[in-house]
Amino acid sequence: MEMIVIRGLIDGGEISVHLLPSCADAEPLTRRGSFAELVSVSFSHFANGRCRDALFVRCISEAIVVVRRRSSEVHSRAKVWTLFPCSPTVVLGAEILGFDGYIPPFANTSVSDIMKGVNYASAASGILNETGTHWGEHFSLKMQVENHKAIVSKITMKLRNSDKAKEHLNKCLYYVSIGSNDYINNYFLPEHYNSSQTFSTDQFAKALVKEYSRNLMELRSLGARKFALIGLLPIGCIPGEISARGKPGSLCVKEENDAVVTFNDELKSLVDRFNKEFPDSKFIFIDTVKAILTGTTKNVQDVKAGLVDVVSCCKVGSNGLCIPNEKPCKNRNVRPFFDSYHPSDFANEANTAIAYNDVSTKAAYPMDISHLVKL
């Protein structure tokens, strides 16, 4: 799924951070902080129809807002508990920054919650309204932003001043990661959608980024000023996609990975354009493909060298998720994927470390998140 996450850090005060809820919601934790204020929005990268693309908003004191996409398992409509985390990237990112905690789901928020953060996650949703609809009713990115708009109205009422509300949101970092469902649960699923017959991969990427940009501008109109846009991971190397569309003996589905490259290029170009058009805002792009391929940990190097199989670490059902009560593989700490769709901790560590502190790979453009939040 895809989603947005928001974290906040007040200089010399308490910071309440909501990490993207992996597959279950939990109470937020607080911690003392030293940055003037940090807010982060984040979308997870992989998900099948069971995971959520979502928008998360986290606010404290002044406010924190986060928008996230796919791998968060807390549904907007009701409280849902699941066994495995679907959004470890955000959690790891928060750990790097010294935070911990989760955002309450949209359906279960109280008046006090809206100043702390909200999880708008919705299973199988994407950038396009139609994406993932074969799994059932859900909230697309546009609908999630609309839900966020309703929360912003409540924040304005609570603060009794629209300018104060926007000032509150100006201090947030929006970490947005969304789009993989639009390929996995739309473009490359011709039995349910006709997008691959209507658009070439180039045309589809442009259409996605155009709709993406509309929602970013809506968030900006609500007060967002700092955006971290997360590129797609190579979805063609997901075990579930290899099984469904890979050729015999192939390690990845080339057509899907080529589509990811096209989308990421379009998204990076959008960052350049928006930085020129809106000098009062800052947009950065995180190239997750480059982040993983340039990872230096032994686990990453073993995968690149072919020493570790790119297969699920558990027995999976027809939906690609782990079968309950089955034992996972013993070497799950070196496997890039846990089930057929979700990356493991070490795969996320390579991406997260570079996204927040990109020393030399230049996967973060034009800067990494640690520098963005200090602007």
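The values are calculated or read from the model by the stated rules, or taken from the named source; none is laboratory data. The shown structure was predicted, so the numbers you read here are calculated from the model rather than taken from an experiment. Heads up, the Cβs are rebuilt from the backbone with ideal geometry, glycines too, and the neighbour counts pull from every protein chain shown.
For the stretch 316-330, the set of residues classified as surrounded by 10 or more Cβ atoms within 10 Å (Cβ to Cβ) and either of a type in the set (Asp, Glu) or free of Cβ contacts under 8 Å to residues at least 12 places away in the same chain (or both) consists of Gly317, Ile323, Glu326, listed by residue number.
Give the stretch 88-133 a look and list any residue that's aromatic (Phe, Trp, Tyr) and at pLDDT 70 or above, or say none. Walk me through how you get there before you give the answer.
Applying the first criterion (aromatic (Phe, Trp, Tyr)) to the stretch 88-133 yields 99, 102, 106, 120.
Scanning the stretch 88-133 gives Phe106, Tyr120.
Of all residues being surrounded by 19 or more Cβ atoms within 10 Å (Cβ to Cβ) and not polar (S, T, N, Q) in the stretch 190-210, which is farthest from Asn161 (Cα to Cα)? Just the residue, please. Checking each candidate, the answer is Tyr193.
Tell me, please, whether a residue that is among the aromatic types (Phe, Trp, Tyr), assigned to a helix (DSSP H, G or I) and over 18 Å from the mean Cα position of the chain (by Cα) can be found in the stretch 209-221. So that I can check it myself, show each step before the final result.
Taking the stretch 209-221 as the starting set, the residues that turn out to be among the aromatic types (Phe, Trp, Tyr) are 212.
Now narrow it down to the ones that are assigned to a helix (DSSP H, G or I): 212.
Checking the rest, the ones that are also over 18 Å from the mean Cα position of the chain (by Cα) come to none.
No, the stretch 209-221 has no match at all.
Can you spot a residue in the stretch 155-164 that is part of a helix (DSSP H, G or I) and in contact (Cβ under 8 Å) with a residue 60 or more places away in the chain? Yes, because at least one residue in the stretch 155-164 is part of a helix (DSSP H, G or I) and in contact (Cβ under 8 Å) with a residue 60 or more places away in the chain. Which condition does Phe227 not pass, out of (1) buried (at least 23 other Cβ atoms within 10 Å of the Cβ); (2) more than 23 Å from Ser312 (Cα to Cα); (3) out of contact with any strand residue (DSSP E or B) (no Cβ under 8 Å at 6 or more places or on another chain), if it passes all the others? Result: Phe227 fails condition (3) only. Remark: Glu130 matches the filter, which requires a residue to be touching a residue at least 40 places away in the same chain (Cβ under 8 Å) and among the acidic types (Asp, Glu).
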